[in-house]
Amino acid sequence: MKALVFHGPRDIRYETYPDPELRSPNSAILKVSKCSICGSDLHMYHGDTIGKTEYGADSPTFCTGHEFIGEVVETGRDVHTFKAGDQVLSAGGTGCGQCAACLTGKPLKCRVSTAFGIGPSLQGGQAEYVCIPNADTTLLATEGAFSDEQALLLTDAMTTAYFGITRSDVQPGGTVAVVGLGPIGLIGVELAFILGASEVFAIDPVKSRRDMAEKLGAIALDPNEDAVAKVLEQTQGAGAQSVFEASGASGAIAAVLPLTARGGTASFIGIPQPQDMLSMQLIMFKNITVRGGICQVQETWPHLVPLVRQGRIKTPDMFSHSFKLSEGADAYKLFDSRDEGVIKIAIEVD
Ligand SMILES: [Zn+2]
Ligand SMILES: [Zn+2]
């Protein structure tokens, strides 16, 4: 098959890779129709770390990508919910598929839980085919229910936005700040209003992203023009009760606690680097509740699917660009540059 393969930082190649095989009786093979690039894919691209995994030129090669949709073409004998021909989307990560956590649909509690396409232990779906372990709880049928774009967002970006914004304890009438306006932050802005926020401050250095947040009703601020001071000024010195960090950039992480009101909640979903630290003094003396973590995608679907189906979540213009799989290297390059108003990139596989 053809796939995008990680060869090292800034070295993603379109090339021939061995076809995936069923790795367990409860796995399935998916023929990918579309995939997308996630902000967290850029950590590999930059040669940063994801958790304990460091990405360098000597890293083993693997197929990238954890956001993909397509058609089931083969199932193991223990897959009961899906059959060949089904149109599906996949959660961005899964587990071994065999332990108690995996079998009850909570793969993040699995000891070998991982995202697709961040290392050789679970090949990614920026490829023509991908193996899905634990298919019954990792896949979701899409048949006629969603657009391809909505389906792609339900693999990770929208679910992570939901996970992060709800864990910032948004209250009806409350004040929210979203730091980092990639797709997850922008969807976070939309969800904050759905959850009842009266005022949402949206912070990002890229003007086109701030413009999108403004269209969603947020007050957009540039971190290079003292956004923290402006939030404090506009909240009579209080700060935001709920702060959602959606970028993982060191500057964004550092801005969160100074922005958070006394007794407020700060929720982190951006992938941090080892040097990123929070001030214990601020957590302690401002009584800030701090949450961080990786979204368990499947747990958010019962909340998000009805909202998407009813048109309550619109995610307007989230996919700014489209590429072919063979142009994957260019897609990564553009996504990394943030040029041309790029927000999110869809990649057509077939
Ligand atoms: Zn992602
Ligand atoms: Zn497991």
Test: residue in the stretch 21-30 that is over 30 Å from residue 272 (Cβ atoms), among the acidic types (Asp, Glu) and more than 15 Å from ligand 1 (Cβ to nearest atom): yes
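Being within 16 Å of ligand 2 (Cβ to nearest atom), on the phi < 0 side of the Ramachandran plot and in contact with a Leu (Cβ under 8 Å, 6 or more places away or on another chain), is that true of even one residue in the stretch 54-77? Steps first, answer last, please.
So in the stretch 54-77, the residues within 16 Å of ligand 2 (Cβ to nearest atom) come out as 76.
Those still in the list that are on the phi < 0 side of the Ramachandran plot too: 76.
Imposing the further condition that a residue be in contact with a Leu (Cβ under 8 Å, 6 or more places away or on another chain) reduces the set to 76.
Checked against the condition, which is being within 16 Å of ligand 2 (Cβ to nearest atom), on the phi < 0 side of the Ramachandran plot and in contact with a Leu (Cβ under 8 Å, 6 or more places away or on another chain), the stretch 54-77 yields at least one hit.
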Residue within the stretch 110-123 that is hydroxyl-bearing (Ser, Thr, Tyr), within 16 Å of ligand 2 (Cβ to nearest atom) and buried (at least 17 other Cβ atoms within 10 Å of the Cβ) present: yes
Count - residues of the stretch 78-105 that are of a type in the set (S, T, N, Q), more than 11 Å from ligand 2 (Cβ to nearest atom) and touching a Ser or Thr at 6+ places or on another chain (Cβ under 7 Å): 2
Subset of the stretch 124-138 (residues that are within 16 Å of ligand 2 (Cβ to nearest atom) and not charged (D, E, K, R)): 131, 132, 133, 134, 135, 137, 138
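Out of 93, 85, 164, 117, I need the residue that is more than 16 Å from ligand 1 (Cβ to nearest atom), in contact (Cβ under 8 Å) with a residue 12 or more places away in the chain and either small (Gly, Ala, Ser) or touching a His at 6+ places or on another chain (Cβ under 6 Å) (or both). Which one? Outline the logic, then answer.
Details: 93 fails: more than 16 Å from ligand 1 (Cβ to nearest atom); 164 fails: more than 16 Å from ligand 1 (Cβ to nearest atom); 117 fails: more than 16 Å from ligand 1 (Cβ to nearest atom).
Of 93, 85, 164, 117, the one residue that is more than 16 Å from ligand 1 (Cβ to nearest atom), in contact (Cβ under 8 Å) with a residue 12 or more places away in the chain and either small (Gly, Ala, Ser) or touching a His at 6+ places or on another chain (Cβ under 6 Å) (or both) is 85.
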Tally of residues being within 13 Å of ligand 1 (Cβ to nearest atom) and β-branched (Val, Ile, Thr) across the stretch 33-82: 3
Considering residues of the stretch 254-268 that are more than 12 Å from residue 223 (Cα to Cα) and among the aliphatic types (A, V, I, L, M) only, the residue surrounded by the most Cβ atoms within 10 Å (Cβ to Cβ): 266
Residue list for the stretch 323-347, filter: surrounded by 14 or more Cβ atoms within 10 Å (Cβ to Cβ) and more than 21 Å from residue 44 (Cβ to Cβ): 341
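Among the residues that make up the stretch 9-25, is at least one of them of a type in the set (S, T, N, Q), in contact with a strand residue (DSSP E or B) (Cβ under 8 Å, 6 or more places away or on another chain) and modelled with pLDDT under 95?
From the stretch 9-25, those of a type in the set (S, T, N, Q) are 16, 24; that's our starting set.
Adding the requirement that they be in contact with a strand residue (DSSP E or B) (Cβ under 8 Å, 6 or more places away or on another chain) leaves 16.
Narrowing the set further to residues that are modelled with pLDDT under 95 leaves none.
So far as the stretch 9-25 goes, no, none of its residues is of a type in the set (S, T, N, Q), in contact with a strand residue (DSSP E or B) (Cβ under 8 Å, 6 or more places away or on another chain) and modelled with pLDDT under 95.
The values are calculated or read from the model by the stated rules, or taken from the named source; none is laboratory data. This is a predicted model, so every value here is computed, not measured. Virtual Cβ from ideal backbone geometry, glycine too; neighbours counted across all protein chains shown.
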